[in-house]
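Working notes, structure below.
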Amino acid sequence: PLPPAPARALTLAHALEIADRGSPDLEVLRLQIERGEAAERIAWAGVLPVISGSLTYQRYNQPIERAGVGTVRGADQLGAQLAIVETLSLRTVSAIRIAEAASDVSRLSLDDARRLAHGSIARVFFIVLAARRAAELSRTQIDDAVRQYQAMRTRRELGAAVGLDVARAEVAALDAVRRSADADAALERAWDQLGSALGLDAAVDVSVADLPAI
């Protein structure tokens, strides 16, 4: 029988999702994008107008009135002032362009890192898949070698073969068993490699439920 598979099996899409969510390198790049966007906002703040204002209120005990003129000063005095200052220079425009370019570079770096991470996970995923196929194939090779060995023993009993032929068939069967053991070891290493690539503490098997059609 094949070696016992790990308890957890992931599809390719799920494995790529875990890689996106749990990769420290990708998280660092996401934080760099946030820092770049904050730098953009700071740069735009240098272009936006500065608005300042003041409001004053004074209250007197009684209004001042004059005959023939009326009220000269009321009991309540309210005043307001509003100032808008706009300063635009080539330095602020250049700062905005530099900040936007830095943010674009950070986004491109994240996209490139995601592609590399996805390629690495997909490569290990298909290594596990190929190792499983190799382990399954090795079982059929054992069956063929054992049948050849049994057939050679029968031929020797009937006088159609010599002992050397039987010995060679037996060696071929034992070699098939050895190759199967090597394939099993490679499969277990591939499981461990996939778990390590995903940042998990356990080996991970693959599920072929969502593989694209060739």
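What tally of residues in region 169-190 results from selecting those that are surrounded by fewer than 14 Cβ atoms within 10 Å (Cβ to Cβ) and farther than 28 Å from Pro4 by Cβ?
1
Among the residues of region 76-87, is any touching a residue at least 24 places away in the same chain (Cβ under 8 Å), of a type in the set (Gly, Ala, Ser) and touching a helix residue (DSSP H, G or I) at 6+ places or on another chain (Cβ under 8 Å)?
No.
Among the residues of region 148-160, which ones are among the hydrophobic types (A, V, I, L, M, F, W, C) and open to solvent by 100 Å² or more (accessible area, probe 1.4 Å)?
Leu158
Return yes when Ala95 is open to solvent by less than 60 Å² (accessible area, probe 1.4 Å), at pLDDT below 90, assigned to a helix (DSSP H, G or I) and on the phi < 0 side of the Ramachandran plot and no when it is not.
Values: open to solvent by less than 60 Å² (accessible area, probe 1.4 Å): yes; at pLDDT below 90: yes; assigned to a helix (DSSP H, G or I): yes; on the phi < 0 side of the Ramachandran plot: yes.
Here the answer is yes, as Ala95 does meet what is asked.
For (1) outside any helix (DSSP H, G or I); (2) under 12 Å from Leu29 (Cβ atoms); (3) touching a residue at least 24 places away in the same chain (Cβ under 8 Å); (4) open to solvent by 50 Å² or more (accessible area, probe 1.4 Å), each residue gets a yes or a no:
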residue: Ser106; (1), (2), (3), (4): no, yes, yes, no
residue: Arg114; (1), (2), (3), (4): no, yes, yes, yes
residue: Ile127; (1), (2), (3), (4): no, no, yes, yes
residue: Val146; (1), (2), (3), (4): no, no, yes, yes
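Being open to solvent by less than 90 Å² (accessible area, probe 1.4 Å), of a type in the set (Val, Ile, Thr) and part of a helix (DSSP H, G or I) is the filter here, so list the residues in region 1-56 that pass it.
Listed by number, the residues that qualify are Ile18, Val28, Ile33.
The values are calculated or read from the model by the stated rules, or taken from the named source; none is laboratory data. Please read these numbers as outputs of a predicted model, since none were measured by experiment. Because the Cβ atoms are built from the backbone with ideal geometry, glycine has one as well, and the counts that use them run over all protein chains shown. Heavy atoms of the whole protein, side chains included, go into the accessibility calculation; ligands, DNA and RNA do not. Shrake-Rupley method; radii C 1.70, N 1.55, O 1.52, S 1.80 Å.
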